[in-house]
Amino acid sequence: MQIGIFAKTFPGTEPLGVLSAVRDSGYACAQFNLACCGLPSMPDAVSETTIAAVRSAVDATGISLAALSGTYNMAHPEIAVRRAGLAQLAVVIEAAAALAIPLVTLCTGTRDPNDQWAHHPDNGDPSAWADMAAEMSEALELAERHGVDLGIEPEQANIVTSAGDARRLIGEMGSRRLRIVLDPANLFEQATPAQARAIVAEAIETSAGHIALAHAKDRHADGRFATAGQGVVDFADFIARLRAVNFDGPLVTHGLSASEASGVAGFLKALI
């Protein structure tokens, strides 16, 4: 299991500087974001110069890129917005393929028109699932074409809220390219340590065999997000349960400041 971090944790728009900070903070890999190249996270184009700069930074630092962010609102209430997002996702998938990044991470979306990470009461309507699934089907066609996997992350505010939802979508799509990104802190809103441990354990059991990437983010008991190791998530148990289902992929932390990065790397390495 490799320890990684969101590259966007560190400031900068030059890949070499960002990935050097990842390495110097004690990480072996990163979940990359094209914002680290001075582009929008979901750009309309990625130049060969940019691809070359990322390749050079990877070679110089030895940091492997475990995933590339490709999040847009796959359940936006306006089809034109979804179409624009899918076109940008195609660009991101092509960039991932060019950089040999195995996974592009997605957002299954929300009916909230302004924030793809905000809950909306219409998220449970069957039409929201249908619109998201239609986007996912087209996204998977792109992924198949370029040999890249797609990662869906259960989020309380999105259409896919649980590991069970993720397995349902994988079953409906029928594609080996659709994988799960499992973040323990996104599986509940408020919980005691014991409740959180039980929720996370069930999610790992449900997701077994489909997890491409694990995240290391935490929550306080009152629902506020926290830096890994400072909330109610039992990371020793989380890691042990991931190992028990034969997950040996990247464990990527986020939701922390650059100044906290070295400390979290040490915390996670001790558990690994």
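The values are calculated or read from the model by the stated rules, or taken from the named source; none is laboratory data. These figures come from a predicted structure and were not determined experimentally. Virtual Cβ from ideal backbone geometry, glycine too; neighbours counted across all protein chains shown. We work out accessible area using only protein heavy atoms, side chains counted, and drop any ligands, DNA or RNA first. Shrake-Rupley method; radii C 1.70, N 1.55, O 1.52, S 1.80 Å.
Can you tell me, using C-alpha contacts under 8 Å and at least 6 residues apart, the relative contact order of the chain as a whole percent? Could the numbers behind the result be given before it?
Values: 569 pairs, mean separation 48.0, N = 272.
It comes to 18 percent, rounded to a whole number.
For ILE180, enumerate residues with amide H under 5 Å from its amide H, sequence gap 5+ or separate chain, H modeled in the peptide plane.
ILE152, ILE211, ALA212, LEU213
Per 0.36 nm of contour for each residue apart, how much would the distance between ILE272 and VAL81 grow if the chain were fully extended, relative to their Cα-Cα spacing?
64.6 nm
Out of ALA87, HIS76, GLN195, whose Cα points farthest toward the positive end of the dipole of the chain (charges: +1 Lys, Arg; -1 Asp, Glu; placed on Cβ)?
Of ALA87, HIS76, GLN195, it is GLN195.
Given 0.36 nm per residue, what is the gain on full extension from SER47 to PHE225 after removing their alpha carbon distance, in nm?
60.5 nm
Which percent of the Cα-Cα distances in the chain go past 30 Å?
So the portion of pairs separated by more than 30 Å is 25 percent.
Within the range 24-152, what whole-number % of the accessible surface is contributed by carbon and sulfur, with the 1.4 Å probe and all protein chains included in the calculation?
Summing carbon and sulfur atoms, their accessible area is 52 percent of the total for the range 24-152.
Let's see if you can work this out: charge +1 on each Lys and Arg Cβ, -1 on each Asp and Glu Cβ, no other charges. What is the dipole magnitude of the range 2-270 about its Cα centre, in debye to the nearest 20?
580
Count the net charge of all other residues whose Cβ sits under 10 Å from the Cβ of ALA98, scoring Lys and Arg as +1 and Asp and Glu as -1. Show your work: numbers first, answer last.
Details: positive: ARG55; negative: GLU48, GLU94.
Local net charge: -1.
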